[in-house]
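Contents: one structure, followed by commentary.
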Amino acid sequence: MKKVVKFGGSSLASAEQFKKAARIINKDESRRYVVPSAPGKRMPGDTKVTDMLYRCYNLAIMDDEYEDEFEEQMSAIRARYDEIITGLGLSIDLSEEFKTIRMEFSRKAGRSYAASRGEYLNGILMAEYLGYEFIDAAEVICFDEEGNFDGERTNELLSERLADTPRAVIPGFYGAMPNGRVKTFSRGGSDITGSIVAKAVRADIYENWTDVSGFLIADPGVVKNPKAIDVITYRELRELSYMGATVLHEDAIFPVRKEGIPIHIRNTNSPEDKGTLIVEGTCRKPRFVITGIAGKKDFASITVEKAMMNSEVGFCKKVLEVFEENEISIEHMPSGIDTMTIFVHQDEFEEKEQKVIAGIHRRVEPDFLELESDLALIAVVGRGMKATRGTSGRIFSALAHANVNVKMIDQGSSELNIIIGVRNHDFKDAINAIYDIFVNTMI
């Protein structure tokens, strides 16, 4: 069996956390390929090394008057790694690495290069501590000349490199373009690297170790002590991630999904916890009708009303073109016979609202236009909903009982999710009401 294990920043923030990660790796012989993040926060109020590197690089490319601040920040970054080295009892010296980083900063190597050094240095330390081979991600993770990830080339290089490497550490978050320039994924991209490595070695499972015991049914900042999700499908995860669930980078799904490789979210600080298994499909019956609830606030809605709209060919297309021309992305679009409503991010829309209104009037000559702001969208997701009658009715009943006014409700054709629109001020009450009726009443 082959396992790829990725450890997040909080799991590698200090020497003690490194030791926990190493114990987890050494406990299972099949954990052969390790993807580390940069050191995260050691305690509340601490700073992630990636953020320290961004700040250091910004100081490096400014005027000489900021040289003292640059030196102070660089010393603070060095101290973070020296603290880990000392705590682990390693004899490795990173002086040459920091000399190279200084030189590249002075040459303005770019913010991607700066940010990637956190993972790069942590990878060197992890490989040294475990006795594994270190492979620089810049040698095996490829981006094209436009800066887009080159999956085919990466899989070819990585598969070939790891075929004769029984155990290795590959830093997360970054790769390189054809000219050798370092390029990073979006923030949290170490999850993606782990998925790419798992695909390349055809792993049996991809373990993603973090500081939480898997996915929770709802945000613990909204619902008190929400239950954990045992098993979730990739489709359910995509729906929840889109609406704000953030345990795993949503793009990390795609490489392993194509190979049928499960992702297992585990807690470094509580390795005995079951965690959450993410799979392509499952016959396992979910504990509850719903799998999860997630949502976002601060949307605006634009309702376009026109008699006989449904018989006017191209009506919706004309309306949507107005948003496209103003570079406003659309989040949701429920419609009726004579109405269509477009939900957009309020901050994107506000500065262009008059242009959009004028554009809609010119294109389709509506009978009526109505704008609403301070709205929230909530997604109720679950593979169990398809086989359960009355799910929407129970949602309506729960929200009515909580005195929450529903602005919109829409169910996807897959019957995997239901989207509800409410006022911002009703957001928490709505989520708690839905959680209560589907989870608390079933316990």
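Could you list the chymotrypsin sites (Phe, Trp or Tyr not before Pro) in region 1-82 that lie in coil according to DSSP, counting only those with at most 12 other Cβ atoms within 10 Å of their Cβ?
Answer in residue order: no site qualifies.
Between SER75 and LYS274, what FRET efficiency comes out of the Förster formula 1/(1 + (r/R0)^6) with R0 = 60 Å and r the beta carbon distance, rounded to 0.05?
Values: r = 42 Å, r/R0 = 0.71.
After rounding to 0.05, the efficiency reads 0.90.
Convert 10 °C to kelvin, take the viscosity as 1.306 mPa s, use the Kirkwood radius over C-alpha pairs of region 1-101 as Rh, and evaluate the Stokes-Einstein diffusion coefficient in µm²/s, rounded to a whole number. Could the numbers behind the result be given before it?
Values: Rh = 15.1 Å.
Here the translational diffusion coefficient equals 105 µm²/s.
Taking the alpha-carbon set of region 193-251, what are its Rg and Dmax in Å?
Reported Rg and Dmax, both Å: 12.8, 40.
Between beta-carbons, use under 15 Å as the cut-off and find the net charge around VAL212, counting Lys and Arg +1, Asp and Glu -1.
-1
Summing -39500 (n - 2.57) over the DSSP H runs of n ≥ 4 in the chain and dividing by its residue number, what mean residue ellipticity at 222 nm do you reach, to the nearest 500 deg cm²/dmol?
Calculated mean residue ellipticity at 222 nm is -12000 deg cm²/dmol.
Past 20 Å, Cα to Cα: identify those pairs from LYS227/LYS258; LYS6/LYS199; LYS3/LYS27, in the order given.
LYS227/LYS258, as the Cα separations exceed 20 Å there.
Would you work out what percent of the accessible area of region 370-416, with all protein chains in place, is carbon or sulfur (probe 1.4 Å)?
45
When only DSSP loop residues count, what chymotrypsin sites (Phe, Trp or Tyr not before Pro) in region 130-198 have their Cβ near at most 12 other Cβ atoms within 10 Å?
none
What translational D, rounded to a whole number of µm²/s, comes out for region 255-325 from Stokes-Einstein when the hydrodynamic radius is the Kirkwood one over Cα pairs, at 25 °C and 0.890 mPa s?
Taking Rh from Cα pairs, D becomes 137 µm²/s.
At 0.36 nm per residue, minus the direct Cα-Cα distance, what do SER159 and LYS258 gain on full extension? Give it in nm, one decimal, please.
The SER159-LYS258 span can extend by a further 34.1 nm.
For region 351-395, just run the numbers: alpha carbon Rg, then divide by 2.2 N^0.38 Å, N being how many residues it has.
Numbers: Rg = 18.2 Å, N = 45, 2.2 N^0.38 = 9.3 Å.
This ratio for region 351-395 stands at 1.94.
Based on the Kirkwood radius over alpha-carbon pairs, what is the Stokes-Einstein translational diffusion coefficient of region 132-244 at 10 °C with 1.306 mPa s viscosity, in µm²/s?
100
How large is the accessible surface of LYS355 in square angstrom, using a 1.4 angstrom probe and rounding to the nearest 10?
Probe radius 1.4 Å; accessible area of LYS355 about 140 Å².
Counting each pair of different Cα atoms once, what's the Kirkwood radius of region 55-122 in Å, rounded to one decimal?
With all distinct Cα pairs of region 55-122 included, I get 12.6 Å.
Longer than 27 Å from Cα to Cα, which of LYS296/LYS355; LYS20/LYS285; LYS2/LYS99 are they? Say none if no pair is. List each step's numbers first, then the result.
Numbers: LYS296/LYS355 25 Å; LYS20/LYS285 33 Å; LYS2/LYS99 37 Å.
Check vs 27 Å cut-off fails for LYS20/LYS285; LYS2/LYS99.
Calculate, for region 387-443, the solvent-accessible area per residue in square angstrom, rolling a 1.4 angstrom probe over the heavy atoms of the protein chains.
On a per-residue basis, region 387-443 sits at 52 Å².
Report the Rg/Rh value for the chain, based on alpha-carbon coordinates and the Kirkwood definition of Rh.
Reported Rg/Rh, Kirkwood definition of Rh: 1.02.
Given a 1.4 Å probe, how much area per residue of region 265-379 is accessible, in Å²?
52
Along the Cα-to-C-beta direction of LYS317, a point sits 7 Å from the Cα; which residues of region 336-375 have their amide N less than 16 Å from that point?
Residues 363-364 fall inside that zone.
Could you pull out every one of the aspartates and glutamates with an alpha carbon less than 14 Å from that of LYS306, ignoring same-chain neighbours closer than 8 positions?
Here the aspartates and glutamates satisfying the reach criterion relative to LYS306 are ASP338, GLU365, ASP367, GLU370.
Restricting to the chain, what percent of DSSP beta bridges are antiparallel, rounded to 5?
Bridges in the chain that DSSP calls antiparallel: roughly 65 percent.
Looking at region 227-341 only, what percent of DSSP beta bridges run antiparallel? Nearest 5 please. Intermediate values should be presented prior to the final figure.
Working: 7 of 10 bridges.
Percent antiparallel among DSSP bridges in region 227-341 is about 70.
Over all directions, average the projected area of the Cα convex hull of region 43-91 and note it in nm². Write down the numbers at each step before the final one.
Numbers: hull surface 16.7 nm².
Hull-based average projected area comes out at 4.2 nm².
When Rg is the radius of gyration of the Cα atoms in region 195-309 and Rh is its Kirkwood radius, what does Rg/Rh come to?
Over the Cα atoms of region 195-309, Rg/Rh equals 1.08.
Sorted by average packing, counted as other Cβ atoms within 10 angstrom per residue and highest first, what order do 370-383, 38-51 take?
370-383, 38-51
Which percent of the accessible area of region 241-339 is formed by carbon and sulfur heavy atoms (probe 1.4 angstrom)?
Solvent-exposed carbon and sulfur of region 241-339 make up 51 percent of the total.
Suppose all protein chains stay in the model; what accessible area per residue would a 1.4 Å probe give for region 19-116, in Å²?
So region 19-116 comes to 53 Å² accessible per residue, rounded to a whole number.
The values are calculated or read from the model by the stated rules, or taken from the named source; none is laboratory data. Being a predicted model, the structure only gives us computed values, none of them experimental. Neighbour counts run over all protein chains shown; Cβ positions are idealised from the backbone, glycine included. What goes into the accessible areas is simple: the full protein's heavy atoms, side chains included, and nothing from ligands, DNA or RNA. Shrake-Rupley method; radii C 1.70, N 1.55, O 1.52, S 1.80 Å.
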